[in-house]
Amino acid sequence: MNSPDSEVPYGTLDLMVLKTLAGMGPLHGYGIARRIEQAAAGALALNQGTIYPALLRLEQKGWIKSDWGTSDNNRRARFYAITAAGRRQLTKEAKLWERTVSMVNRLLEDRS
Amino acid sequence: MTGIRVLISRVLDLLFSSRRERRLEEEITSHLDLLADQYMADGMTPLQARQAARRAFGGVEQMKEHYRNQRGLPLVDALRQDFRFAMRLLNRNRGFALTAVLVLGVGIGVNNMLFTILNAHTLRGLPIPSSDRVVWLSTIDDRGREHGLSFNDYEAISGAVQHYTGIAAFEAGPMVLAGDGRSADRLDGAYVTANAFDLIPATPLIGRSFTAQDDTPGAAAVAVLGKTAWETRYSSDRSALGRAVTVNGVPATLIGVMPDRSGFPGTAQIWMPLSARGRDARALQVFGRVAADARVDQAVTEVAGIADRLASERPDTNRNARARVVPINDRFLGRASDGVWRAFITVGFIVVLISCANVANLMLDRSLLRARELAIRASVGGSRTRLLRQLLVEGVVIATFGAGVGLLVAVGGIRVFRRAIPSDALPYWFDYSIDWRVLAALIAVSAATVLVFALVPAIQASRTDVVTVLKEEGRSGGTARRRILATTFLVAQLALAVVLLAHLAVNVRLSRPGLATDTIFDDREIVTAQIALPPGAYPGHVPLSAFYEALLARMHAVSGQTPAAVTSTLPASGGDPAEVVIEGKRGPDKDGEQTALAIAITPAYFRALDLSLLQGRELHDRDGNPGQENAIVNQAFADKFLTGATVLGQRIQLGTSDARSGGTGWLTIVGVAPDIRQRRGRASEPVVYTPLRSNPPATGALILRSSMNTAAVVLMLRQQVQALDPDLPIFRARTLPQVRADLDWNGRVSSRLFLFLSFIAVALATFGLYAVTTHAVSQDRHEIGIRMALGARTHQIIGRVLRRLLVQVSFGFGAGVVCTLLWERTFPPGDPNIHAGDPVSLTLVALALLGLIAIAAAVPSRRASRVDPLLAIRAE
């Protein structure tokens, strides 16, 4: 379905969802998906449905919570919000991500 | 932390799965709507917008599946599906399901019933708090007999130990409670040290228990009553406390009431301080509680060391005696490792294995019928482990229902078992109720049965070659292999049944009428009752004999024509073994003791039993007087010790092997009596009947023959006894058959239990034989049809069925003989002449198996003979 270079790297979707919720406040699934697509600016072809398993995973871990609400255009939707534990996790993962990225970058630079 | 949280939320998902599913559905709808709104705002038509939304969202069903995997516990979910499927399947095949559950339930139930008995007798422990920290002290003499401790030894030991909270002693024995204007009661009682109740610990319901002050010589006599005695004698009246009574003729005050079962252990209902018994006690029962900071093995070593040191310091009183210190549970309960219990466990497993083998064969049959279904499932991608799991889940479902049936069978079986035992015959500490051990055993055995009955058929079924089965319409897929398996299961269960049948044969042979000499006389109208003359009121021979003579005269007045008698020992109630010396003959052989049971009787004992002597005469009124020391021996005595000689006029001497009573002088034999069985399970033993007058017992049994109602006779006896001594109760009033039944319950119960087990085993094996044969016939319909079409006669067809059956049973019998011989090697038989592995028993078993064949073959062979060749061949 997706070409390999546009697939969401494994594990990064969780991080993106957390970051989105931390920055934007409570959002419904569609809103989160759109926000991530905008941020990717077309670099990422997200199957919007795939964020639901990710949302469930994060909720099970207690990093986000959810409740029914009403969207801007008056549709019933489930809104997700980041929890305190979620914020702590976000900081941790963001650091880990930075370290990983810089390490991989260094490796790649060495090679070239 | 997070891990646990995820687990909890997944479990919650599992529980509320339908709600979660709805939520997912709603979220997707809402998402798609929002997307579509967006596209419409961008200028699409509603239809286009919806399509675009679906594209952007991705595969809805795939996402749902992904989501579901994330949610809940996939394995549990799958198991739940398997479970539902299994339930549906079993519901569709109710006949199969019911048979399997019942067969398995009977096996599990019998196993659990045996375990419950084993548990009560060995594992549970005494009803004493932390009974594993209480030890029992006694001594063993050089002949291996156990004795109590003397008071001096008890004092020395309890003063020297350090690893104990305390050591207590008691002496149990009957006590007569009287002296308060009510009729005398004879109760089980005990003299105890003051600390005994505290060590158990047992606290009084009302009043107090003994203090050290009560247990000092010269203290005012006090007594504590048991709850039952308090209820029956004083109607639970609190004013019983402080009441003046007499116990064994000694004035005492009641100071407290103990809950029932406060023994150490024992059935006592009345207690007095040991000091009231005096310091000359020589057979004290002694127990100690190990201190909290000491180890039990330390404490055992310590006290054994002290006891052995005492033995060497006082060689005169402690000669040849070794100390024996064991945990109290070992002293009063059996050990699961004892031979009899190992045999019990083995039998339990034999029954459960037979039923497993049966169910395994049912499963094999069914997996054959399901071969097509399994093949299809395999061909559309069901993995082998998945198929295996499905089949095992079915097994688990059957086993679970089987366990339920088993529990019912076990509870019912125990109830019947309890009813077969007289209520006072077993110590109260055997508790047959269901506890966690019984339930754990039930679950463990049921789980194990799944492995036996479901695993092999499941592996077999999951191995199905898909192509063959689908091509051949499921008829012959793996038939040969299956048949070998089915035959193996059948042979195994037959072999196990043979072991039980062989023992049943022994049981039947041993209980043949000729061997049981206990009903040579009509004893239905003989009423007996016992009296115990307290030594305080009847010191020595003269007052005892005077009492018996006066009583006998009164009994004769009541009984009229038929004579009454008094004896030291009733028929079937044992007797005191005594060494026998015969005038003019050498003493006992070196290898064996020459002993006979000594029983004291009054004149006309045999007439009271309605027996006539074989030779000579009954004892006279004068026998037992000086110059008239005569005795009667039984036929077995004459046969064993006086072969070929004239019996009458021979002189014998009895030295009771118990050194307390000195034995007799020379007795002249004046009569020979027929053999009356005194002990169960023994052939006729030599008995010497001596005149009661020359050695009157403190406890005597009254015998009265009367056609009147038993209760009326008992009432009369009581009146006569209490006319002579108002403080003397009579006890164990019952007819002679009741005496016998109460004493014989052990043999009766165990042989009935065995009969029951054998019946179950044989019924299960017959059923197995029947099922396998029926199945084989239905498998062979095609072949039978061809044979019939070619002109085979009915008897030839039936012959074929029977031949196969005969071969299977022969294999089973052969394997069974081997098992029986192995069994006898592990559990040596009691009687070397009549045992399970001997040719007679095995021949009986073989005959029984032929009977089984006839039963199992009847229906299937008829079915085989009625196969319609046309239909059978066409059915292919």
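Taking Cα centre as origin and charging only the Cβ of basic (Lys, Arg, +1) and acidic (Asp, Glu, -1) residues, the dipole magnitude of the stretch B:534-727 rounds to 260 debye.
Each peptide in A:98-104, B:111-117, B:446-452, B:685-691 receives the mean, over its residues, of other Cβ atoms within 10 Å, and ordering these scores from highest gives B:111-117, B:685-691, B:446-452, A:98-104. Shielding of peptide A:56-62 by partners, expressed as the average count of other chain Cβ atoms within 10 Å per residue Cβ, is 6. Length gained on full extension, B:T843 to B:E155, computed as 0.36 nm times the residue gap minus the Cα-Cα distance: 241.5 nm.
In this simple spin-label model, placing a label point 7 Å from the Cα along the Cα-to-Cβ direction at both B:T203 and B:I798 gives a separation of 7.8 nm. Each eigenvalue of the Cα gyration tensor of the stretch B:2-72, multiplied by 5 and square-rooted, gives one semi-axis; in descending order these are 32, 10, 10 Å. Counting only the Cα atoms, the protein assembly as shown fills a convex hull of 311 Å³ per residue. When each of B:H795, B:H31, B:H782 is scored by the number of other beta-carbon atoms lying within 10 Å, the sequence from fewest to most is B:H795, B:H782, B:H31. Counting neighbouring beta carbons within 10 Å and listing from fewest to most, the residues B:I108, B:I652, B:I443 come out as B:I443, B:I652, B:I108. In this simple spin-label model, placing a label point 7 Å from the Cα along the Cα-to-Cβ direction at both B:A480 and A:E109 gives a separation of 7.4 nm.
Label separation (B:T232 vs B:D639): 4.2 nm, computed from points 7 Å beyond Cα along the C-beta direction. For the pair the stretch B:754-790 / the stretch B:101-118, the C-alpha centres are spaced 24 Å from each other. Report the paramagnetic label zone for B:A212: residues of the stretch B:168-205 whose backbone N is under 12 Å from a point 7 Å from Cα along the Cα-to-Cβ axis. Residues passing the 12 Å test: B:194-195. For the pair the stretch B:275-336 / the stretch B:126-176, the C-alpha centres are spaced 5 Å from each other. With a Förster radius of 41 Å applied to the C-beta separation of B:S751 and B:R863, the computed FRET efficiency comes to 0.60. Mean projected area of the Cα convex hull of chain B, taken over all directions, amounts to 55.9 nm². Out of every Cα pair in the stretch B:665-779, what percent are spaced more than 26 Å from each other? In whole percent, the share of Cα-Cα pairs in the stretch B:665-779 beyond 26 Å is 54. With a 10 Å cut-off around each Cβ of B:56-67, the average count of Cβ atoms from other chains is 5. Dividing the Cα radius of gyration of the stretch B:534-727 by 2.2 N^0.38 Å, with N the residue count, gives 1.04.
Using Cβ point charges alone (K and R +1, D and E -1), the dipole size of chain B about the Cα centre works out to roughly 3880 debye. Counting Cβ atoms of other protein chains within 10 Å of each Cβ in B:6-13 and taking the mean gives 2.
By the beta-carbon count within 10 Å of each Cβ, the least crowded to most crowded order of B:I376, A:I32, B:I834, fewest first, is B:I376, B:I834, A:I32. Bridging of A:K92 to aspartates and glutamates at a Cα separation below 13 Å is possible for A:D14, once same-chain residues fewer than 8 apart are set aside.
Once the Cα-Cα distance is subtracted from the 0.36 nm per residue extended length, the B:L510 to B:A420 segment shows a gain of 30.3 nm.
For the stretch B:70-129, the Kirkwood radius over C-alpha pairs fed into Stokes-Einstein at 10 °C and 1.306 mPa s yields D = 105 µm² per second. For the stretch B:183-336, treating each Cα as an identical point scatterer without solvent, what Debye log10 I(q)/I(0) comes out at q = 0.14 1/Å? Each listed q maps to, in turn, -0.81.
None of the figures in this text is laboratory data; all of them are computed from the coordinates on show. Nothing here was measured: the structure is a model prediction, and the numbers come from that model. Because the Cβ atoms are built from the backbone with ideal geometry, glycine has one as well, and the counts that use them run over all protein chains shown.
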